[in-house]
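Peer 1: Got a structure for you, written out below as structure tokens; questions coming shortly.
The values are calculated or read from the model by the stated rules, or taken from the named source; none is laboratory data. The structure presented is a predicted model; accordingly, all values stated were derived computationally and were not measured. Positions of Cβ are generated from backbone atoms using ideal geometry, with glycine treated the same way; all protein chains shown enter the neighbour counts. With ligands, DNA and RNA removed, areas are computed over all heavy atoms of the protein, side chains included. Shrake-Rupley method; radii C 1.70, N 1.55, O 1.52, S 1.80 Å.
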Amino acid sequence: MTSTPPARPTRTRRLRGQGWLIALGVLAALPAAAATALRVVAPSTEQLAKVASFIPYGLVFWLPALLFLGIAAVRSVRARSSGRPAVATLALLCATGLAATVAWEGPAFIADRRPVGTGTVTIASLNVAQSADQAAVARAVTGADIVVFVEAQPGWAAQLPASLRAEFPYATPAMRDLNGGSLILSRYPIVASQKLPESSFQQWAATVRTPQLGALRVVGVHPCNPYCPAGFWAREAEQLRSWLAQRDPRVPTVVAGDFNAVDDHLTMRRLYDDGFRSAADLAGAGFVRTWPSDRRFPPLIAIDHVLVTSDLTATEFSTFDVPRTDHLGIRTVIAGVED
């Protein structure tokens, strides 16, 4: 009888460069995972808020992480490597993170599909940083219906061109009450105005009688930033939110200005939970960055926003640049939606 020789054990092939692929994938996954954690559990402290301002940049690292670890996983399977379950798990986690990122960021690139039921109103907003070039500002906002300036000092506002004052004859507050906070200009009559609770920068609201929408409430906002004294950033944002919660819900509302927060901050997410929508998102404008605009590199984060209530939509959204301020201005076209 002939004996059968024992089967030879399966030999795994040594994968050249596999360690580098795994190391690069893990290194890319670390900032992505940190950004995802901050996105899931929105920071409420000033220290974490500074880091969370850059969440979108961290999330994009899921793509190279998946690329490196995906290649490593495929090579491990083909070579029957003993470490293939671990590498495949890492690749799957990266794919999950990338899918979550697309789900979070994708809607900002998709325009609102609700049909428009009214005429349109154009709104421009700019943090003038007390020194923006007045002539350039006047040119940039020409054609708008309502303009919101923040950090507007009386001396700065007094030097606005006569052409701008003629185009926007209605203003809140009166010049004597302007103290470096919000200034709302309108080509349509302002029938009521209100001073918001005191804050680092005085904020104002105006009710404008528009031919397109009827009464429209416009709120010019500028709460404190995360570099303010401890507690001010969260406190002033919550103060603004509380004031907005007491508004008459029958009046369509626009909240515009420098929020000193990005969409991933808890302060903004609470406003979205309250029913406000980003005009940039409604218009499908994508990732719009507005600050800082006075450097050699492009703006990095989006802290200037226009928010609208659910009875409004935005059909256009863009930015504009003027000298002597560190913010880009934003311009949006809004309208009422069909019932």
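Peer 1: Cα gyration tensor of segment 122-237, axes a ≥ b ≥ c as square roots of the eigenvalues: rounded (a/c below 1.5), prolate (a/b > b/c) or oblate?
Peer 2: The shape class here is oblate.
Peer 1: Follow-up. Show me the helices of the chain, taken as full DSSP H stretches, that run 30 Å or more along their long axis by Cα and average 1.0 or above in Kyte-Doolittle hydropathy.
Peer 2: Flagged H segments are 18-40, 84-105.
Peer 1: Then there's this: If I take R0 = 22 Å and measure r between the Cβ atoms of Ala174 and Glu198 in this structure, what FRET efficiency does the formula 1/(1 + (r/R0)^6) give, to the nearest 0.05?
Peer 2: 0.80
Peer 1: Rank by packing, highest mean first: peptides 292-298, 55-61, with packing defined as the count of other Cβ atoms within 10 Å averaged across residues.
Peer 2: 55-61, 292-298
Peer 1: On to the next question. Using only helices, what value at 222 nm comes out for the chain when you add -39,500 (n - 2.57) per DSSP H run of length 4 or more and divide by the total residues, to the nearest 500 deg cm²/dmol?
Peer 2: Dividing the helical sum by the residues of the chain leaves -10500 deg cm²/dmol.
Peer 1: Enter the accessible area per residue of the chain (Å², integer; probe 1.4 Å; all protein chains in place).
Peer 2: Heavy-atom SASA per residue in the chain reads 49 Å².
Peer 1: Now for a different question. Would you mind getting me the FRET efficiency between Ala162 and Tyr272? Use the beta-carbon distance for r and R0 = 51 Å, nearest 0.05.
Peer 2: Computed FRET efficiency for Ala162 and Tyr272 comes out at 0.80.
Peer 1: Same structure again: Can you bin segment 226-312 into rounded, prolate or oblate? Criterion: square roots of the alpha carbon gyration tensor eigenvalues sorted a ≥ b ≥ c, rounded for a/c under 1.5, prolate for a/b above b/c, oblate for the rest.
Peer 2: Here segment 226-312 falls in the oblate category.
Peer 1: Under the rule a/c < 1.5 gives rounded, and otherwise a/b versus b/c splits prolate from oblate, where does segment 158-211 land using the Cα gyration tensor?
Peer 2: oblate
Peer 1: While we're on this one: Can you run phi through the Karplus equation (6.51, -1.76, 1.60; θ = phi - 60°) for segment 246-251 and list ³J(HN,Hα) in whole Hz, with x for Gly and Pro?
Peer 2: 8, 5, 6, x, 6, 9
Peer 1: Based on DSSP, what percent of beta bridges with both residues in the chain are antiparallel, to the nearest 5?
Peer 2: 80
Peer 1: Could you check how much of the accessible area of the chain is carbon and sulfur, as a whole percent, using a 1.4 Å probe?
Peer 2: 57
Peer 1: For Trp204, Trp291, Trp233, write out the residues from largest to smallest accessible area, computed with a 1.4 angstrom probe and no ligands counted.
Peer 2: Order by accessible area, largest first: Trp291, Trp204, Trp233.
Peer 1: Sorted by average packing, counted as other Cβ atoms within 10 angstrom per residue and highest first, what order do 161-169, 124-132, 70-78, 174-182 take?
Peer 2: 124-132, 70-78, 174-182, 161-169
Peer 1: Related question: Return the FRET efficiency for the residue pair Arg80, Glu338: r is the Cβ-Cβ distance, R0 is 41 Å, and the value is rounded to the nearest 0.05.
Peer 2: Here the calculated transfer efficiency is 0.10.
Peer 1: Compute the convex hull volume of the Cα atoms of the chain, divide it by the residue count, and report the result per residue in Å³ as a whole number.
Peer 2: Cα-based convex hull of the chain, divided per residue, equals 167 Å³.
Peer 1: Restricting attention to the chain, give the cysteines that have no other cysteine Cβ less than 4.7 angstrom from their Cβ.
Peer 2: Cys94
Peer 1: Given contacts defined as C-alpha pairs under 8 Å and at least six residues apart, what's the relative contact order of segment 33-185, whole-number percent?
Peer 2: 16 percent.
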